[in-house]
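Some notes on the structure that comes next.
Where a number appears in this text, it was derived from the coordinates with a stated rule and is not lab data. These figures come from a predicted structure and were not determined experimentally. Glycine gets a Cβ as well: all are built from the backbone with ideal geometry, and neighbour counts include every protein chain shown.
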Amino acid sequence: MGTIVIKRVYDPPMADDGFRVLVDRLWPRGLTKAAAALDLWAKDLAPSSDLRKEFNHQPDRFAEFTHHYLGELSSNPAVAAFGVELKRPKVTLLYGAHDRRNNHAVVLAEFLRRKVKSKGSPQGKPAKRKAASKPARRLS
């Protein structure tokens, strides 16, 4: 496995970003495809719409959001499919949130690092992307 880093999608692309992957379910406002300079849009790695809406980028809800998002990731087939990309020397996970510490890309990057360390690089073929139907999870 190579390196997994995170970066705001609004930050300028750099030559050393490696494989650039947008991990938001929604396209970032005001950003063109050319400006994003993506290699992949992996929206199925993002939190479910219900979880994202309930979290609403409120830092006091981040711990509970993390708990629920990790639960989603552990049963998400898109994670195994993404294992193919983790064989690259460097993968940059891109997100649109303003908060650089309390966002889903932080959780996803750590989840992927742990998964690769515990099992070696996840194997799998890229799966067709389709919306997962999961029950809503309430954040208190």
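The phi-based Karplus calculation (6.51 cos²θ - 1.76 cosθ + 1.60; θ = phi - 60°) puts the 3J(HN,Hα) values of the range 100-117 at 7, 9, 10, 8, 5, 5, 4, 5, 4, 4, 5, 4, 5, 4, 5, 4, 5, 5 Hz, whole numbers, x for Gly and Pro. Note on F62, F82: ascending count of other Cβ atoms within 10 Å places them as F62, F82, the fewest first. About the Cα centre of the range 3-119, how large is the charge dipole given +1 on each Lys and Arg Cβ and -1 on each Asp and Glu Cβ? Please answer in debye to the nearest 20. With Lys and Arg at +1 and Asp and Glu at -1, about 300 debye. The relative contact order of the range 3-119 comes to 43 percent, based on Cα pairs under 8 Å that sit 6 or more residues apart. Sorting 67-74, 99-106, 20-27 by average packing, meaning the other beta carbons within 10 Å per residue, from highest down gives 20-27, 99-106, 67-74. Summary of the geometry: the range 61-82 and the range 37-56, compared by the centres of their Cα atoms, lie 11 Å apart.
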